[in-house]
Amino acid sequence: MNKTDIHVHAAVRRIPFSGGNPMDPESHYICDPEEMMETLKEQQITKAILMSSGEGPVEGVHSLGAYNSDCRQIAEESGGWFSWMCGIDPDDPDTVEDRMRMYRDQGAVGVGEVMVNQWLDSPYMSAVFAAAEKLHMPVLCHMSPEEGYSYGAADRAGLPLLEKTLRKYPELIFIGHSQVFWMEISGDCPKEGNRERSGFGRGPVQAGGTIERLFDSYPNLYADLSAYSGSCAIMRDERYGLYFLNKYQDRLMFGTDTFNRRTRFPLAEYLETKMKDGVLSREACEKIFTGNAEKLFFNHKHEE
């Protein structure tokens, strides 16, 4: 089945990267567009969205390869195979809307991956969300457990700031991602501890998870199924995972978080197997693999 990947990382030229698999030293690089396209095509991925690391190097802001200008170049040279999201640097909240509009007009289809390590209700984050709501730009956030911890938009246990954001900006399309987001699928998600909240869920999903409650309460919440965080959330408990996929099939999107040919994730094969087994509908798979991304990123007219 053909797929649209909403979350990949590539660079104009291959570059070293410290976030590879520690057991596989040869995985410590971000690949060039040619390697990325070849790798994704092997997985029946026919379109992919590049994540941006921002407008340029910023001290204290995590980088994953390409900045806005690089992403734009890769997308334009790919003949439409790649699209890109933009990053907005945190240096001047007052100009966020103008900068976001400029990148939208240059072809950016959303804002992401947001990795600035500030609380979700900081002045900068609030400016990003307000502008994205006004400009109809989906925002994909890597979630972090607190300020000062690695990278990503920070929230506390139970994701109260995410709920505040969803309520304050009802027309904003917020796409959740990372361990801190997906651990909250289960009611026994750790309430404290950065390492614990940033782990990968294991075992049966317990009732009372924050994610399901937020999905039920806020139609502007979507989710990115990429990386091990998304895979573990869905695959850790087959019964609940299938229930979740079927119930929220209109707001879940396939992604890999791939950055070179050595990074592969199991979710695509799992979903296709469950579809063949008859426990996940073909309609749900098509929405998750392609339909929802097409609706949000490619068939949506930006009107202010």
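Every read-out reported here was derived from the displayed coordinates using simple, explicitly stated rules and does not represent laboratory data. Because the structure is a prediction, the values reported are computed rather than measured. Note that we place each Cβ from the backbone using ideal geometry, even for glycine, and neighbour counts take in every protein chain shown.
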Discussion item. I'd like to verify something in the chain: which complete DSSP H helices, judged by Cα projection on the helix axis, reach 24 Å or more and average at least 1.0 on the Kyte-Doolittle scale?
Written reply: none
Item to complete: Could you pull out every one of the lysines with an alpha carbon less than 23 Å from that of residue 164, ignoring same-chain neighbours closer than 8 positions?
Response: 134, 191
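Can you sort 9, 142 so the residue with the fewest Cβ neighbours within 10 Å comes first?
Numbers: 9 25, 142 28.
Ascending number of Cβ neighbours within 10 Å: 9, 142.
Please label the shape of the range 224-304 as rounded, prolate or oblate, based on the square roots a ≥ b ≥ c of the eigenvalues of the alpha-carbon gyration tensor (a/c under 1.5 means rounded; beyond that, a/b larger than b/c means prolate, else oblate).
Taking the square roots of the gyration eigenvalues as a ≥ b ≥ c, the range 224-304 is oblate.
Just check the range 75-117 against the gyration tensor rule for me: Cα atoms, a ≥ b ≥ c as the square roots of the eigenvalues, rounded for a/c under 1.5, and otherwise prolate or oblate depending on whether a/b exceeds b/c. Mind showing how you got there, number by number?
Values: a/c = 3.53, a/b = 1.79, b/c = 1.97.
Oblate, since a/c reaches 1.5 and b/c is not below a/b.
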Discussion item. Report for the chain the percent antiparallel among DSSP-assigned beta bridges with both residues inside it, nearest 5.
Written reply: 10 percent
Discussion item. On a 20 Å Cα-Cα criterion, which of the cross-link pairs 41/295; 47/287; 41/247 come out too long?
Written reply: 41/295; 41/247
Worksheet item: Within the range 172-220, which GluC sites (Glu not before Pro) sit in a loop by DSSP and count at most 13 neighbouring Cβ atoms inside 10 Å?
Response: 192
Practice prompt. Determine the distance separating the Cα centre of the range 104-147 from the Cα centre of the range 229-295; give it in Å without decimals.
Written response: 24 Å
Item to complete: Sorted from largest down, give the three principal axis spans of the alpha carbons of the range 116-179, whole angstrom values.
Response: 30, 20, 20
Worksheet entry | Taking the range 3-298 and dividing mean pair separation by its residue count, relative contact order in percent (alpha carbons under 8 Å, at least six apart) | 16 percent
Worksheet item: Kirkwood Rh, Cα Rg: Rg to Rh for the range 116-273?
Response: 0.94
Worksheet item: Out of 16, 265, 169, whose Cα points farthest toward the positive end of the dipole of the chain (charges: +1 Lys, Arg; -1 Asp, Glu; placed on Cβ)?
Response: 265
